[in-house]
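These notes concern the structure reproduced below.
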Amino acid sequence: MKKLLLQLDSDEHASAFDRIVAHDAGVDEVLSYGGVLPADATALVHGAIFTRGPDDLHHTAIWIGGSSVAAGEELLKTALDAFFGPLRVSVMMDSNGCNTTAATTVAAVASVEPLAGNAAAVLAGSGPVGLRVAELLAHEGARVTVIPPWRALLGDKWDTGRAARDQAQAETVGGKAGFSVRSVDGRAGLVEALGSATVAVSAGPLGVNLLSEEDWAIHPTLRVLVDLNPVPPVGIAGIKQGDVRKARNARTVFGALGLGGLKMKVHKACVAKLFDARDQVLDRMTIYDVARSVLA
Amino acid sequence: MKKLLLQLDSDEHASAFDRIVAHDAGVDEVLSYGGVLPADATALVHGAIFTRGPDDLHHTAIWIGGSSVAAGEELLKTALDAFFGPLRVSVMMDSNGCNTTAATTVAAVASVEPLAGNAAAVLAGSGPVGLRVAELLAHEGARVTVIPPWRALLGDKWDTGRAARDQAQAETVGGKAGFSVRSVDGRAGLVEALGSATVAVSAGPLGVNLLSEEDWAIHPTLRVLVDLNPVPPVGIAGIKQGDVRKARNARTVFGALGLGGLKMKVHKACVAKLFDARDQVLDRMTIYDVARSVLA
Amino acid sequence: MKKLLLQLDSDEHASAFDRIVAHDAGVDEVLSYGGVLPADATALVHGAIFTRGPDDLHHTAIWIGGSSVAAGEELLKTALDAFFGPLRVSVMMDSNGCNTTAATTVAAVASVEPLAGNAAAVLAGSGPVGLRVAELLAHEGARVTVIPPWRALLGDKWDTGRAARDQAQAETVGGKAGFSVRSVDGRAGLVEALGSATVAVSAGPLGVNLLSEEDWAIHPTLRVLVDLNPVPPVGIAGIKQGDVRKARNARTVFGALGLGGLKMKVHKACVAKLFDARDQVLDRMTIYDVARSVLA
């Protein structure tokens with residue numbers, strides 16, 4: 001029986017990236033749907049659960065993607081609501097790569113540095129990926145500070161309303177997950193906010209530099225740095241995009257493309273795992289478990 | 001040479017159900033198109049008939065589906081018009097599952113009860129599935145009465161214009177196929193209209209009860225009952241959704257999910273049959289022939 | 001590793017023709033996208049180049065199609081711009097079949113008749129296919145004359161603005177490729193414009209006759225004639241649609257369907273060739289090289 005992956009994507013054209021990785025992860029056929037709204041998803045999910053008997057449903061799975069994390073979360077909720085009893089298939093949500101990126105980031109850090117009891121900072125971390133990174137760092141026992149981007153950093157791209165919403169969202173998530181949010185108004189404030197952190201993750205924005213090489217080369221406690229910005233100039237100067245567990249200035253660093261290579265392994269392992277059983281939900285913590293075992 | 005199924009679906013997102021069943025029926029690749037209008041269909045059908053030589057065209061077939069039976073019938077007509085000479089492929093129309101559901105229903109009844117010369121009633125039977133059931137029952141020699149839903153049964157969902165159109169359509173089809181249409185205005189009328197029927201099929205609407213268990217348990221002639229409504233409350237009380245040739249109150253009954261399992265077998269057998277030759281049209285009667293041989 | 005073809009099609013529904021031929025050419029999966037605008041293409045191309053390592057990228061390729069040649073050219077440019085360094089895959093553009101049709105036409109002529117130093121005429125040749133035919137004939141050393149359609153030939157379909165744009169475009173392309181453009185105002189002028197041509201290709205329009213059988217049967221120099229119009233009446237009377245290297249009136253002729261069969265072989269060979277290496281651009285001249293070797 002073929003392994004079928006139902007791809008529900010909130011963007012008009014379903015991600016070619018996700019389709020290709022699914023094939024390389026061993027899926028036989030990807031049933032791609034683009035422009036999927038929650039109202040459309042129920043019928044498509046019913047198509048997945050009503051066609052094969054309960055004993056064969058682990059050969060079908062659902063992938064939820066697209067560029068909008070909020071839209072992906074709505075589609076995930078709709079899919080889970082459409083299941084009933086034994087009529088369910090495994091489902092994974094990774095809109096904008098948010099879950100695999102965050103899980104790979106924290107698993108990569110954890111593979112080189114103990115997190116429990118140490119301080120960690122997530123720079124420009126109030127977006128979906130940054131918040132997931134912070135949640136996972138806190139889950140590992142780190143004392144985490146999320147530092148949102150500030151007005152001067154974003155320049156023309158600054159949006160006061162969005163910044164306020166992101167900040168409120170970060171505080172809500174932090175309240176549950178156990179991390180704090182600290183606003184700064186410039187680079188000096190950012191460096192100061194790093195405090196005694198041993199880990200720093202820069203989570204955006206694209207093509208904007210946050211730390212100079214000197215900022216971290218002379219920092220007294222930093223031991224691991226990860227830059228998630230793949231578009232030059234890099235977010236943390238002095239890290240090369242392809243770096244993976246690279247020693248620079250006596251620290252261990254990861255660049256965006258190097259981390260991306262690890263993420264691809266995690267992504268494939270997650271897709272393969274979907275077909276182990278029919279009742280899995282791969283989201284945040286479960287994807288992190290896969291990342292930990294892939295990067296162990 | 002791969003078995004390719006061109007899926008032309010009138011809904012925006014082509015049915016995931018039909019795609020998955022096609023794969024399970026042995027199709028190698030399903031070329032899915034959603035939101036297909038008759039104006040689009042000709043070019044797609046030409047793509048199917050102009051690519052492979054006449055001797056290989058039985059490896060390509062067309063599936064027409066979607067939730068609207070009327071749209072599916074238009075697409076079928078367009079596809080057949082696009083063929084010429086030996087440049088044709090086999091095609092099946094099963095919008096809203098109408099043909100496979102009706103064929104499976106009547107084949108299931110015929111597998112347990114002689115129909116020729118006996119009376120049969122199709123309850124709430126003036127929609128596409130009900131009319132197809134009535135046609136096939138008449139084709140087997142039964143004296144068939146179609147009983148449309150009445151105003152009080154539908155409550156808020158009653159639409160006078162649609163009811164009139166359905167009634168007119170039922171009478172037109174019945175005139176050709178040899179069945180009669182009898183309107184009633186309540187449950188008492190419905191039970192009376194059953195008359196001397198040995199077979200009763202309840203064809204809708206979803207989640208609405210038509211007969212109480214007592215209605216049929218004490219009926220003097222009924223021997224086989226089929227309920228096609230999969231949403232509780234069931235259309236014929238006392239039938240369980242999963243029932244397949246189940247003895248209840250000394251009658252043989254079929255529930256919607258039980259019938260659905262049989263329909264899945266018929267559906268798969270039809271898809272497989274499409275690739276036997278390049279010149280088949282699987283619609284109504286031909287799908288019924290497949291159902292008869294599957295359920296023999 | 002599966003051979004994956006990313007199909008970027010400018011029409012709402014991606015061509016079923018191109019999908020089926022791709023499967024028959026040995027592609028494992030076609031990732032079809034319809035209604036692709038240049039703005040959408042970059043993300044889809046990134047999906048193709050960022051998923052597999054550089055050493056495996058020859059297992060992925062891009063096909064650009066659709067009915068509009070201008071839209072296809074824009075998509076091709078966008079795709080090539082999205083590549084960088086070793087992150088690139090092979091790509092082919094064949095919107096409206098223009099490149100494979102033109103390449104097959106000239107390769108077919110060249111397989112039966114020397115072109116260098118001889119005269120050739122392309123009738124109704126100012127559209128995309130005609131200009132590509134003229135380019136290739138000139139590339140082979142022929143003295144080529146492109147003769148645009150005239151007002152009376154097109155009747156109601158005549159569009160003065162479009163005719164002027166096509167004429168200007170033909171002169172621009174001819175200036176680079178080394179062919180001339182000669183306007184005529186009726187059939188007599190057309191026959192006169194044939195001059196001492198040994199080759200005549202009729203490139204359109206659909207269902208319109210350009211030459212009578214007498215026009216060419218008594219012509220003193222013509223030796224090879226190709227008619228690309230598949231809709232009766234044929235463009236060159238006396239040629240049968242299925243003709244392939246057929247001797248008629250002591251000339252060698254090709255009809256539109258016969259040429260179409262050769263084109264299919266070229267099309268498949270091109271798709272197969274895409275997977276030989278990751279850095280090929282199959283367009284005009286490179287497709288012609290494939291056609292020459294297929295029809296040698």
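Could you compute the net charge surrounding A:Leu4? Neighbours are other residues with a C-beta less than 10 Å from the C-beta of A:Leu4; K and R count +1, D and E count -1. All intermediate terms of the calculation are to be shown ahead of the outcome.
Values: positive: A:Lys2, A:Lys3, A:Arg52, B:Arg19; negative: A:Asp28, A:Glu29, B:Asp24.
That works out to +1.
How compact is the stretch B:177-290 by the rule of thumb for globular proteins, expressed as Cα Rg over 2.2 N^0.38 Å?
Numbers: Rg = 16.4 Å, N = 114, 2.2 N^0.38 = 13.3 Å.
In units of the globular-protein estimate, the stretch B:177-290 measures up at 1.23.
As an exercise, use a Förster radius of 45 Å and the Cβ-Cβ distance of A:Lys2 and C:Leu257 to find the FRET efficiency, rounded to the nearest 0.05.
On the way: r = 37 Å, r/R0 = 0.82.
That gives a FRET efficiency of 0.75.
Interface size between chain C and chain A, please: total buried accessible area, 1.4 Å probe, rounded to the nearest 100 Å².
Values: alone 12640 and 12610 Å², together 23920 Å².
About 1300 Å² of accessible surface is lost on pairing.
Could you size up the charge dipole of the stretch A:115-212 around its Cα centre, putting +1 on the beta carbon of Lys and Arg and -1 on that of Asp and Glu, and report it in debye to the nearest 20?
Working: 9 positive and 8 negative charges, 12 e Å.
Charge dipole, the stretch A:115-212, about its Cα centre: 60 debye, nearest 20.
Using the Cα atoms of the stretch B:101-260, I'd like the radius of gyration and the largest Cα-Cα distance, Dmax, both in angstrom.
Computed over the Cα atoms of the stretch B:101-260, radius of gyration and Dmax are 14.0, 40 Å.
Residues with amide H under 5 Å of C:Gly125's amide H, sequence separation 5 or more or different chain, H placed in the peptide plane at 1.01 Å from N; which?
C:Ile147
Please report, for B:Met285, the nm distances (one decimal) from its label point, 7 Å out from Cα along the beta-carbon direction, to the equivalent points in the remaining copies, shortest first.
Copy-to-copy label distances for B:Met285: 6.2, 6.2 nm.
How many lysine pairs are close in chain B, with Cα atoms under 25 Å apart and the two 8 or more places apart or on different chains?
20
Could you work out the local net charge near C:Asp24, counting Lys and Arg as +1, Asp and Glu as -1, over the other residues with Cβ closer than 14 Å to its Cβ?
Numbers: positive: B:Lys2, B:Lys3, B:Arg52, C:Lys3, C:Arg19, C:Lys263, C:Lys265, C:Lys268; negative: B:Asp28, B:Glu29, B:Asp55, B:Asp56, C:Asp18, C:Asp28, C:Glu29.
Around C:Asp24, the surrounding residues sum to +1.
Using Cα springs under 10 Å in a Gaussian network model of chain C, which residue among C:Asp215, C:Asp156, C:Asp81 shows the largest mean-square fluctuation?
It is C:Asp156.
Between A:Arg151 and B:Thr160, how high is the FRET efficiency from 1/(1 + (r/R0)^6) when r is the Cβ-Cβ distance and R₀ = 45 Å? Nearest 0.05.
0.15
Assume the label is 7 Å from Cα along Cα to beta carbon: what separations in nm does C:Lys265 have to the matching positions in the other copies?
Going from nearest to farthest copy, the values are 4.9, 4.9 nm.
Just round it to a whole percent: the fraction of Cα-Cα distances in chain B exceeding 34 Å. Don't skip to the end; give the middle numbers.
Values: 9868 of 43660 pairs.
Counting every Cα pair in chain B, those more than 34 Å apart make up 23 percent.
Classify the protein assembly as shown as rounded, prolate or oblate from the Cα gyration tensor: take a ≥ b ≥ c as the square roots of its eigenvalues, call it rounded if a/c is under 1.5, otherwise prolate when a/b beats b/c and oblate if not.
Values: a/c = 2.40, a/b = 1.00, b/c = 2.39.
Oblate.
What are the ³J(HN,Hα) couplings of the stretch B:4-17, residue after residue, when phi is run through the Karplus curve with 6.51, -1.76, 1.60 and θ = phi - 60°? Round to Hz, x for glycine and proline.
Each residue of the stretch B:4-17 in turn: 10, 10, 8, 9, 9, 10, 7, 7, 4, 9, 4, 3, 5, 4 Hz.
At A:Ala193 and C:Ala43, where each label point lies 7 Å from the Cα along Cα→Cβ, what is the point-to-point distance in nanometres?
So the two model labels end up 2.9 nm from each other.
Mind putting a number on the dipole of the protein assembly as shown about its Cα centre? Charges go on the C-beta only, +1 for Lys and Arg and -1 for Asp and Glu, and I need it in Debye to the nearest 20.
Details: 84 positive and 96 negative charges, 249 e Å.
Roughly 1200 debye, rounded to the nearest 20.
List for the stretch A:1-15: residues with 50 Å² or greater reduction in accessible area, all protein chains versus chain alone, probe 1.4 Å?
By number: A:Lys2, A:His13.
On a 0 to 90° scale, report how tilted helix C:256-274 is relative to the longest principal axis of chain C, with both axes built from alpha carbons and the result rounded to the nearest 10.
Taking Cα atoms only, the helix is inclined about 30 degrees.
Given +1 on the Cβ of Lys and Arg, -1 on the Cβ of Asp and Glu, and no further charges, what dipole in debye does chain B carry about its Cα centre, rounded to the nearest 20?
On the way: 28 positive and 32 negative charges, 138 e Å.
In total the dipole reaches around 660 debye.
For chain C, modelled as a Gaussian network with Cα springs under 10 Å, which listed residue fluctuates most, C:Trp216, C:Trp158, C:Trp150?
C:Trp158
Round to a whole angstrom and tell me the spacing of the C-alpha centers of the stretch A:95-163 and the stretch B:174-226.
Value for the Cα centre distance between the two parts: 64 Å.
Per residue, what accessible area does the stretch C:175-238 have, given a 1.4 Å probe and all protein chains present, in Å²? Each step should come with its number before you reach the end.
Values: 2760 Å² over 64 residues.
Result: 43 Å² per residue.
Counting only protein heavy atoms and a 1.4 Å probe, tell me what percentage of the stretch B:101-260's accessible area is made up of carbon and sulfur.
Values: 3440 of 6610 Å².
On the stretch B:101-260, the fraction of accessible area on carbon and sulfur atoms equals 52 percent.
Go ahead and estimate [θ] at 222 nm for chain A from helices alone: -39,500 (n - 2.57) per DSSP H run with n ≥ 4, summed, over the residue count, rounded to 500.
Working: 11 runs with 124 residues, N = 296.
The helix-only estimate for chain A comes to -13000 deg cm²/dmol at 222 nm.
Suppose accessible area is computed on protein heavy atoms with a 1.4 Å probe; arrange A:Ser68, A:Ser183 from highest to lowest.
Numbers: A:Ser68 45, A:Ser183 75 Å².
Most to least solvent-accessible, the answer reads A:Ser183, A:Ser68.
First select every other residue whose beta carbon is under 11 angstrom from the beta carbon of C:Leu211; then total the charges, Lys and Arg +1, Asp and Glu -1.
Values: positive: C:Arg187; negative: C:Glu213, C:Glu214, C:Asp215, C:Asp227.
With Lys, Arg at +1 and Asp, Glu at -1, the neighbours total -3.
To the nearest Å, what is the center-to-center distance of the stretch C:238-258 and the stretch C:265-296, using C-alpha atoms only?
The distance from the Cα centre of the stretch C:238-258 to that of the stretch C:265-296 comes to 25 Å.
Over the whole of C:24-33, what's the average partner chain Cβ count within 10 Å per residue? Rounded to a whole number, please. Present the calculation step by step, with values, prior to reporting the outcome.
Values: counts 7, 0, 0, 1, 3, 8, 2, 7, 4, 6.
Per-residue shielding by partner chains comes out at 4.
The values are calculated or read from the model by the stated rules, or taken from the named source; none is laboratory data. What you are looking at is a predicted structure, and each value in this text was computed from that prediction instead of being measured. Cβ coordinates were reconstructed from backbone atoms using ideal geometry, including for glycine residues, and neighbour counts include every protein chain displayed. Ligands, DNA and RNA are excluded from the accessible area calculation, which covers all protein heavy atoms including side chains. Shrake-Rupley method; radii C 1.70, N 1.55, O 1.52, S 1.80 Å.
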